[in-house]
Amino acid sequence: MRLAVLGAGLMGRAALYDFSRADEVESVGVFDIDAALAKEVADAYGGGKAVSGVLDAGDEEAAETILSDYDAAVSCVTYRYNPGLTRAAIKAGCHLCDLGGNNDAVREQLAMNDEAEKAGVIVIPDCGLAPGMVAVLAADGISRFDKAMSVKIRVGGLPQSPRPPLNYQMVFSAEGLINEYWEPCLILEGGKKKTVNPMSALEELDFDGIGKLEAFYTSGGTSTLPDTYENTVDFLDYKTIRYPGHCELFRPMLEIGLASRQKLAVGGQSVEPRSVLKAVLDRNLSFGDLDMVLLRVTVDGIAGGVTRRVVYEIVDKQDTRTGLTAMMRTTAFPAAIVAWMSAAGQVEARGVKPQELAINPKLFIPQLKKRGINLAISEEDL
């Protein structure tokens with residue numbers, strides 16, 4: 001099979017690394033607006049299978065031309081390009097998945113379902129970590145019950161050795177982090193969709209070997225799950241995991257307007273507060289320290305008249321041998337798996353479909369383990 005990676009950033013590098021090590025993959029193309037970067041990444045992570053090229057992700061015609069040479073592709077560029085890339089993939093007859101991260105963009109993609117079905121193409125948005133593989137795990141948990149009552153998703157990317165005062169480091173884009181902390185959050189309560197405020201409903205939790213942590217509502221993690229499981233699951237939510245005290249320190253910065261896009265006059269110049277906050281976060285929290293990703297999906301339900309709980313848990317730490325961070329591994333590898341499954345004929349659906357409806361967990365989960373992402377699954381009666 002022939003696979004393509006769109007975007008040569010951190011996640012694109014990890015996706016390329018994954019593709020190039022699959023025996024079934026004959027060649028991989030990596031494309032970026034920066035030709036030199038694309039070649040550098042192809043040489044460093046392509047395992048001798050990669051070629052590079054130039055692509056402006058906003059140029060749909062150019063994207064169509066490139067994608068027509070590939071069986072499947074993964075978009076690792078910012079979410080605003082994904083609707084256009086979806087149109088290009090449909091026209092090119094190329095399966096596509098992306099890292100998503102914005103509900104409006106996903107809705108625009110889902111509206112192209114009929115065109116994708118007619119073209120015999122599967123497009124799957126939001127295929128990273130969260131949104132992403134958590135949807136497949138949630139779907140697997142829900143399928144184990146006659147009646148699923150509760151789905152609680154908890155995920156966090158953290159430094160292994162926290163530095164005060166925020167005990168956090170940038171593991172993905174500052175824009176994405178601010179969006180998660182600023183935009184409204186969608187959950188299910190009483191089987192119905194409900195919007196809640198970000199950075200609210202603070203709770204304590206702990207992971208063996210790591211200790212006490214906190215979690216709070218953030219935007220985007222539930223993706224399409226509330227739409228898919230409305231009136232089926234009583235309660236479903238998503239919270240981000242951080243070290244204790246992070247929420248209390250960070251939230252006031254947003255409350256006074258530092259995430260606002262409304263420009264202010266400062267020293268005779270027009271300045272957007274969000275741009276300043278992004279620059280400060282990138283400059284002061286980009287330590288490059290070893291990172292880890294924590295994931296816990298807890299599903300409660302009734303099976304055979306017995307109330308039971310199934311828990312999915314991952315503790316993934318940075319791979320110092322390959323240089324891939326835990327966030328790169330747990331975000332890009334799941335997307336790469338979806339693209340590989342699409343090209344390999346392991347995704348039967350066609351159209352633009354959410355992961356929880358398109359991906360078979362029984363095929364997906366073994367692929368995680370094959371890549372060294374150790375998923376522990378436990379069950380107990382309640």
Open item on the list: If LYS152 satisfies all but one of (1) at pLDDT 95 or above; (2) touching a Ser or Thr at 6+ places or on another chain (Cβ under 6 Å); (3) part of a loop (DSSP other than H, G, I, E, B), what's the number of the condition it fails?
Closed with: (3)
Open item on the list: Go through (1) under 19 Å from ILE210 (Cβ atoms); (2) at pLDDT 95 or above; (3) out of contact with any Lys or Arg (no Cβ under 9 Å at 6 or more places or on another chain) for ASN374 and report which single condition fails.
Closed with: (2)
TODO: Go through the residues of the range 168-189 one by one and say whether even a single one is assigned to a strand (DSSP E or B) and without any contact (Cβ under 8 Å) to a residue 12 or more places away in the chain.
DONE: no
Task: Matching option when the condition is under 23 Å from the mean Cα position of the chain (by Cα) and surrounded by fewer than 16 Cβ atoms within 10 Å (Cβ to Cβ), among THR195, THR240 - done: THR195
TODO: Considering (1) within 20 Å of ASP104 (Cβ to Cβ); (2) outside any strand (DSSP E or B); (3) in contact (Cβ under 8 Å) with a residue 24 or more places away in the chain, say which one GLN262 fails and leave the rest.
DONE: (3)
TODO: Return the residue satisfying two criteria in turn: it lies in the range 81-106 and is closer than 25 Å to GLY221 by Cβ and among the charged types (D, E, K, R), and of such residues it is surrounded by the most Cβ atoms within 10 Å (Cβ to Cβ).
DONE: ASP98
TODO: Test ASP289 against the stated conditions and say whether it is assigned by TED's automatic domain parsing to the domain that holds LYS239, surrounded by fewer than 16 Cβ atoms within 10 Å (Cβ to Cβ), farther than 12 Å from LEU158 by Cα and among the acidic types (Asp, Glu).
DONE: no
- [ ] Would you point out the residue of the range 48-59, among those that are buried (at least 20 other Cβ atoms within 10 Å of the Cβ) and of a type outside the set (S, T, N, Q), that is nearest to LEU186 (Cα to Cα)?
- [x] ALA57
Task: Scope the range 182-192; condition crowded, with 17+ Cβ neighbours inside 10 Å and touching a Phe, Trp or Tyr at 6+ places or on another chain (Cβ under 7 Å); matching residues - done: CYS185, LEU188
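When the residues of the range 303-338 are narrowed to those that are of a type in the set (Val, Ile, Thr) and touching a Ser or Thr at 6+ places or on another chain (Cβ under 8 Å), which ends up farthest from GLN160 (Cα to Cα)?
In the first step, residues of the range 303-338 are kept if they are of a type in the set (Val, Ile, Thr); the result is 306-307, 310-311, 314-315, 320, 322, 325, 330-331, 337-338.
Checking which are touching a Ser or Thr at 6+ places or on another chain (Cβ under 8 Å) leaves us with 310-311, 314.
On the way: VAL310: 27, VAL311: 23, ILE314: 15 Å.
The selected residue is VAL310.
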- [ ] Starting from the range 283-296, take each residue that is farther than 12 Å from GLN160 by Cα and list its partners that are acidic (Asp, Glu) and surrounded by 16 or more Cβ atoms within 10 Å (Cβ to Cβ), counting only C-beta distances under 6 angstrom and pairs at least six apart or across chains.
- [x] ARG296/GLU313
Open item on the list: Let me spell it out: the conditions are (1) touching a strand residue (DSSP E or B) at 6+ places or on another chain (Cβ under 9 Å); (2) not assigned by TED's automatic domain parsing to the domain that holds ASP237, and THR325 meets all of them except one. Which number is the exception?
Closed with: (2)
Task: Candidates MET149, MET170, filtered to the one that is surrounded by fewer than 20 Cβ atoms within 10 Å (Cβ to Cβ) and either hydrophobic (A, V, I, L, M, F, W, C) or outside the structural domain of ARG261 (by TED's automatic domain parsing) (or both) - done: MET149
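Which residues, counting only those in the range 317-354, are among the aliphatic types (A, V, I, L, M), assigned to a loop (DSSP other than H, G, I, E, B) and over 22 Å from LYS91 (Cβ atoms)? Write out each step before concluding.
Taking the range 317-354 and keeping what is among the aliphatic types (A, V, I, L, M), we get 324, 326-328, 332, 335-339, 341, 343-344, 347, 349, 352.
Pick out the ones that are also assigned to a loop (DSSP other than H, G, I, E, B) and you get 344, 347, 349.
ALA344, the sole residue that qualifies.
Which one of these is touching a Cys at 6+ places or on another chain (Cβ under 7 Å) and within 30 Å of ALA119 (Cβ to Cβ): ALA339, ALA349, ALA358, ALA344?
Of ALA339, ALA349, ALA358, ALA344, the one residue that is touching a Cys at 6+ places or on another chain (Cβ under 7 Å) and within 30 Å of ALA119 (Cβ to Cβ) is ALA339.
Just checking, which of LEU294, LEU277, LEU281 is touching a Leu at 6+ places or on another chain (Cβ under 9 Å) and in a strand (DSSP E or B)?
When all the criteria are applied, what remains is LEU294.
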Task: Close pairs from the range 363-382: first closer than 20 Å to ARG321 by Cβ, partner assigned to a strand (DSSP E or B) and at pLDDT 95 or above, Cβ under 7 Å, at least 6 apart - done: LEU368/LEU375; LYS369/LEU375; ILE373/ILE314; ILE373/ASP316; ASN374/ILE314
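Just checking, which of ASP43, ASP32 is of a type in the set (D, E, K, R), buried (at least 24 other Cβ atoms within 10 Å of the Cβ) and in contact with a strand residue (DSSP E or B) (Cβ under 8 Å, 6 or more places away or on another chain)?
ASP32
The values are calculated or read from the model by the stated rules, or taken from the named source; none is laboratory data. Remember, predicted model here, so these are calculated numbers, not experimental data. Using ideal geometry, Cβ is built from the backbone for each residue, glycine included, and neighbour counts are taken over all protein chains shown.
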